[in-house]
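Structure record follows, encoded as structure tokens.
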Amino acid sequence: MDKLLEKLKEYLHMETEISFEEFSEYYRSLISELNQKFSDLDNDARIQALYICSIVQSNADARAKGSKSNAKAFKKMSSKCAFWADAIKYNLGKSGMTPEEIEKATEEINANI
């Protein structure tokens, strides 16, 4: 998750929007990482994953509205990220974190970006 978070920080500091291809590639890397390693992630990595999913989801939603040619793909990306965000929140809750603690942890990541 660290590599994906570092790349996301880079994207968030850019002045211009990345291409559909680059966005799609980043999204695929995120989903692949989650599919392969989710059960092995500790809570800190899951918080990072939740933060990344929420950012990618909101960006995909915004891009879906502005891109007729790729709207369907962006909507699919958004819904998949929403699914993962819900799964991560569920697992964090099972491990003992309250919704408030989860929110605070993701806000801390955001403050450091």
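The values are calculated or read from the model by the stated rules, or taken from the named source; none is laboratory data. Remember, predicted model here, so these are calculated numbers, not experimental data. Quick reminder, even Gly has a Cβ in these numbers, built from the backbone with ideal geometry, and neighbours come from all protein chains shown. Keep in mind that these areas ignore ligands, DNA and RNA; they rest on the heavy atoms of the full protein, side chains included. Shrake-Rupley method; radii C 1.70, N 1.55, O 1.52, S 1.80 Å.
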Quick check on the range 53-72. Is at least one of its residues charged (D, E, K, R) and under 11 Å from the mean Cα position of the chain (by Cα)? no
If a residue must be touching a residue at least 40 places away in the same chain (Cβ under 8 Å) and of a type in the set (D, E, K, R), how many such residues does the range 1-16 contain? 2
I'm told Lys75 meets every condition in (1) closer than 17 Å to Tyr11 by Cβ; (2) over 13 Å from the mean Cα position of the chain (by Cα); (3) not aromatic (Phe, Trp, Tyr) except one. Can you identify the failing condition by its number? (1)
May I ask you to verify whether Lys68 is out of contact with any His (no Cβ under 8 Å at 6 or more places or on another chain) and either modelled with pLDDT of 95 or more or at positive phi (or both)? no
Search result, residues across the range 10-25 that are open to solvent by 50 Å² or more (accessible area, probe 1.4 Å) and either assigned to a helix (DSSP H, G or I) or of a type outside the set (A, V, I, L, M) (or both): Glu10, Leu12, His13, Glu15, Thr16, Glu17, Ser19, Phe20, Glu21, Glu22, Glu25
